[in-house]
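Any read-out appearing in this document is the output of simple, stated calculations on the displayed coordinates, not a laboratory observation. Everything numeric here is computed off the predicted structure, so don't read it as measured data.
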Amino acid sequence: MVKAATIAAELVGTGLKAAFRQPVELVAPGYTRFFNNLTVFDLPDGTWEPERLEVQAVPGEPPFNFATLVEAMKTRGLGRPSTYAAIIQTLFERGYILNVRGNLIPTRHGRTVYAYLVARYKDLISEEFTRELEQAMELIETGRKNYQEFLAELYTRVFRKLAPAGPESR
C-alpha cells in the first residue's frame, strides 16, 4: 500500500491542465515484496519548473482494439464475419497498424497511405462504396444480380476514376 500525491500541472496561458497521482510513500510492502517495480518519489509541496516539457496531440476518440474494430465494422456494414480477421491481418502485414498494449494504432505509413487514397480516390475507398460492394456481392451470391453486369458497371466506374485525364495527369 502506498500514499500518493496528486500532481496538478497547468500550461500557463493555454488553459491546458492535467493531474496524475504519484506514489510518495510505501506504507505496506504488499506485492512489492515479490516485484520490485514501484518507484517512490520524494515530492515536496510547492511549485516546480519542469526540466523538460513535451506536448503531444491526443486523439479525440480512444483507439480501436480488436473487439471494438470488429464491432465498428459490423455496425458500419463493412466486411463479413468471415473476413474481419483477414482484413485486420492485412492491415498488420502491410504495416498500416500496430498493436500497442491491446490498442490498434495507425503507423506513419498507414496514415500516409490513407491520406494519399483519400486525396485521390475518396469515392472508391468510402464506407458507402464498400457497403455497396458488399450488398452487390450478397445479391450475386443469392442469384438476384447478374455478376457479369455488375462487373461491367464496376469496371466502368473504377476505370473512369483511374484513367488519366490527359498529359497533365502523368
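Name every residue in segment 99-128 that is of a type in the set (D, E, K, R) and under 19 Å from residue 76 (Cα atoms), in order of residue number.
As a first pass, look at segment 99-128 and keep what is of a type in the set (D, E, K, R): 101, 108, 111, 120, 122-123, 127-128.
Matches in segment 99-128: 122, 123, 127, 128.
Scanning segment 116-164 for residues being among the aliphatic types (A, V, I, L, M) and closer than 19 Å to residue 88 by Cα gives a total of 3.
Scan segment 74-94 and tell me whether some residue there is closer than 30 Å to residue 16 by Cα and among the polar types (S, T, N, Q). No; the residues of segment 74-94 include none that is closer than 30 Å to residue 16 by Cα and among the polar types (S, T, N, Q).
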